Amino acid sequence: MTSTEWSRSPNRLLKVDEAAQFLSIGRSRVYELMAANELESVSIGRSRRIPLGALEEFVTRLSDPEEN
């Protein structure tokens, strides 16, 4: 999926696999980021979902060292 397709997606909560694809990293790294509270996630039942906005904020923090 392109970034334009992601932003138009009706799914605003992404599965870990989808978040990993968005960030071009592995699923394990996404879980590590969530565990370290570097990437926001929400619990829905027994599942974890990552808000699209949290991914965008994470990328912004990475690209703007002044905010860290």
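The values are calculated or read from the model by the stated rules, or taken from the named source; none is laboratory data. It should be emphasised that the depicted structure is a prediction, and the values quoted were computed from it without experimental measurement. Here the Cβ positions follow ideal geometry from the backbone for every residue, glycine too, while neighbour counts run over all protein chains shown. Please note that ligands, DNA and RNA were not included when accessible areas were found on the heavy atoms of the full protein model with its side chains. Shrake-Rupley method; radii C 1.70, N 1.55, O 1.52, S 1.80 Å.
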- Matching residues in the stretch 12-42 - criterion: being touching a residue at least 12 places away in the same chain (Cβ under 8 Å) and either open to solvent by 70 Å² or more (accessible area, probe 1.4 Å) or in contact with an Asp or Glu (Cβ under 6 Å, 6 or more places away or on another chain) (or both): 12, 13, 15, 21, 31, 38, 40
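Residues that are of a type in the set (D, E, K, R) and modelled with pLDDT of 90 or more: find the helices (runs of 4 or more DSSP H) completely inside the chain holding 1 or more of those.
Details: elements: 3-8, 16-23, 27-35, 52-63.
Helices (runs of 4 or more DSSP H) meeting the threshold: 16-23, 27-35, 52-63.
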